[in-house]
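Peer 1: Can you keep this structure in mind? I'll have questions shortly.
Only the coordinates and a few stated rules stand behind these numbers; no lab work does. Just so it is clear, the structure is predicted and the values come from calculations on it, not from any experiment. Counting neighbours? That spans all protein chains shown, and the Cβs are built from the backbone with ideal geometry, glycine included.
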Amino acid sequence: MKRFVLLTALVASATSALAAPETYVIDSSRTSSQFSYRYLGLSNQTNRFEKIHGTLVFDRDSQSGSAQVIIDAASVNTGQALLDAQMKAVDFFDTANYPVITFKSGKMSLTGDQSSLSGDLTIKDVTRPVTLAVTHFQCMQDPESGVETCGANATLTLRRSDFNMGKYVFLVGNDITLNLAFKAVKVQSYLQLASRDPGK
């Protein structure tokens, strides 16, 4: 009887451990952030940020979690050096004074078509509550690296004027669509990968 009770306790403990929220680290090399806007009212232009990092906490049982994403604003890439410089200047991201864009979310809800990630977006020291629509969220073993990985797409439309970037609306539309396609690696696996690669 004692052995049965002990076995039951061990199983309950293991189940509890498996059900606990797990932390994942964003794989910057497999994560992209693009933003698009209407130019001269004629066509959509799409640019990107090259440097992104952060963490994701995911609870499989409740299909919920949280996230923190940090974007290096100075890594903006339009494909044109002159336009890059304009994007980094005071009228837009002002990267000399505000080097990062942050998103901190305490609420992730994964419910099929209504999946979302809600939190605070900070650009140029202005913080506003936002909700990103989440699609294609999935966790699996990466066939390439063999480590546990989660990935998803997240989309948000915001007004740049809400973040002190409202100039030149006759050239660039006020509505900006931000798309984040991320891959995140379970933290234990990430540390193992980092130990294999001295460059990380």
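Peer 1: Starting from the amide H of R60, placed 1.01 Å from N in the peptide plane, find each other amide H under 5 Å away whose residue is 5 or more places distant or on another chain.
Peer 2: E22
Peer 1: Could you list T149, T135 in order of exposure, starting from the residue whose Cβ has the fewest other Cβ atoms within 10 Å?
Peer 2: T135, T149
Peer 1: To make sure I understand, if each residue's beta carbon is the centre and we count other beta carbons within 10 Å, what order do V187, V69 fall in, fewest to most? Please report the intermediate quantities before stating the final value.
Peer 2: Details: V187 16, V69 24.
By the 10 Å Cβ count, ascending: V187, V69.
Peer 1: Using amide H atoms built in the peptide plane, which far-off residues or other-chain residues are under 5 Å from F137 H to H?
Peer 2: Those qualifying (amide H under 5 Å, at least 5 residues apart or on another chain) are N153.
Peer 1: Give the calculated FRET efficiency between S29 and V187 to the nearest 0.05, with a Förster radius of 22 Å applied to their Cβ-Cβ distance.
Peer 2: E between S29 and V187, to the nearest 0.05, is 0.85.
Peer 1: A follow-up question, please. Identify all aspartates and glutamates with a Cα-Cα distance to K88 below 12 Å; exclude those on the same chain that are fewer than 8 residues away in sequence.
Peer 2: Once the sequence-local aspartates and glutamates are set aside, what remains near K88 is D72.
Peer 1: Okay, next question. Please get the size of the charge dipole for the stretch 19-190, origin at its Cα centre, with Cβ charges of +1 on Lys and Arg and -1 on Asp and Glu, quoted in debye to the nearest 20.
Peer 2: Charge dipole of the stretch 19-190: 400 debye, to the nearest 20.
Peer 1: Going by how many other beta carbons lie within 10 Å of each one, how would you line up Y98, Y24, fewest first?
Peer 2: Working: Y98 18, Y24 26.
Fewest-to-most Cβ neighbours within 10 Å comes out as Y98, Y24.
Peer 1: Now for a different question. What list of whole percents do you get for P(r) of the stretch 78-141, with Cα-Cα distances grouped in 10 Å bins up to the one holding the largest distance?
Peer 2: 19, 32, 27, 21, 1
Peer 1: Another question, if that's okay. If you find the alpha carbon centre of the stretch 57-95 and of the stretch 112-143, how far apart are they in angstrom?
Peer 2: 13
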